[in-house]
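Undergrad: Sending over a structure as structure tokens; questions will come in a sec.
What follows draws every value from the coordinates through simple rules; no lab data is involved. None of the values given here were measured: they were computed from a predicted structure. Cβ coordinates were reconstructed from backbone atoms using ideal geometry, including for glycine residues, and neighbour counts include every protein chain displayed.
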Amino acid sequence: MICRLDLLKKLFKEIVVPEAVWKEVTVEGKPGHEKILRAEFIHVKKACNRRLIAFLEEFVDEGEAEAIVLALELNADLLLVDDRDARDLAKKLGLQVMGTLGVLALAKHMGLIQEVKPIIDKLIKSDFWISKRILKEFLKELGEY
């Protein structure tokens, strides 16, 4: 976690998260949890369709299942998710998805950051995984390789 909530706020104005995700990111002692608790642009909502959540949990974890269902229930413009299985499943259900790399690319294109590579380096040091091939292609597309 690198706590760049400022980018999320500037790019999206409001973020809605399901209860399971909120519990994951606000665990006492987790890096950045205090900032997340104070972020007034992040709102917690309950995903209602428990049957669909239970079904999706056969394929993805609880937080991702709730996020997909909540995005469907809210008719969300975009679902922010990194897990490949969750992204694929969300796309099949008609949702638009964006991951961390997409958020960073958008932030760069919007002029909010000059370079993504230093941020990605910090992410990798904090256990964010990305294949070297995808990272190389991504950085090339942004003119940083």
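Undergrad: What full-extension length gain, to one decimal in nm, is calculated for LYS125 and LEU74 as 0.36 nm per residue of separation minus the Cα-Cα distance? Kindly include the intermediate steps, with their values, before the conclusion.
TA: Numbers: separation 51, 0.36 × 51 = 18.36 nm, distance 3.43 nm.
Net length gain for the segment: 14.9 nm.
Undergrad: Let me ask you something else. Between LEU135 and HIS43, 0.36 nm times their residue separation minus their Cα-Cα distance comes to what?
TA: Details: separation 92, 0.36 × 92 = 33.12 nm, distance 3.12 nm.
Using 0.36 nm per residue and subtracting the Cα-Cα distance, I get 30.0 nm.
Undergrad: Something else now. May I ask you to compute the full-extension gain from LYS23 to LYS35, defined as 0.36 nm times their residue separation minus their alpha-carbon distance, rounded to one decimal in nm?
TA: Working: separation 12, 0.36 × 12 = 4.32 nm, distance 1.40 nm.
Length gained, LYS23 through LYS35: 2.9 nm.
Undergrad: Which one of LEU7, GLY63, MET98 has its Cα pushed farthest toward the positive end of the charge dipole of the chain, where Lys and Arg give +1 and Asp and Glu give -1 at the Cβ?
TA: Working it through, the farthest residue towards the positive pole turns out to be LEU7.
Undergrad: Separate question: Express the relative contact order of the range 5-98 as a whole percentage, based on alpha carbon pairs under 8 Å and six or more residues apart in sequence. Don't skip to the answer; put the middle values down first.
TA: Values: 107 pairs, mean separation 23.4, N = 94.
Computed over the range 5-98, the figure is 25 percent.
Undergrad: Can you tell me the dipole magnitude for the chain around its Cα centre, using point charges on the Cβ only (Lys, Arg +1; Asp, Glu -1), in Debye to the nearest 20?
TA: Working: 24 positive and 25 negative charges, 89 e Å.
Charge dipole of the chain: 420 debye, to the nearest 20.
Undergrad: Right, something else. Compute the FRET efficiency between LYS117 and ASP83 as 1/(1 + (r/R0)^6), taking r as their Cβ-Cβ distance and R0 = 22 Å, and round to the nearest 0.05. Mind dumping the intermediate values first?
TA: Details: r = 23 Å, r/R0 = 1.04.
According to the calculation, E is roughly 0.45.
Undergrad: Here's a follow-up. Select from PRO18, PRO118, PRO31 the residue whose mean-square fluctuation is largest in a Gaussian network model of the chain (Cα-Cα springs shorter than 10 Å).
TA: Of the options given, PRO118 has the highest mean-square fluctuation.
Undergrad: Suppose only helical runs count, i.e. DSSP H with n ≥ 4. What mean residue ellipticity at 222 nm does that imply for the chain under -39500 (n - 2.57) per run, divided by all residues and rounded to the nearest 500 deg cm²/dmol?
TA: Numbers: 9 runs with 79 residues, N = 145.
Mean residue ellipticity, 222 nm, calculated: -15000 deg cm²/dmol.
Undergrad: In the Gaussian network model of the chain, springs joining C-alpha atoms below 10 Å, which of GLU66, GLU19, GLU28 carries the largest mean-square fluctuation?
TA: GLU28
Undergrad: Taking every alpha carbon pair in the range 5-98, what does the distance histogram look like in 5 angstrom bins from 0, in percent?
TA: 3, 14, 24, 26, 19, 11, 3, 0
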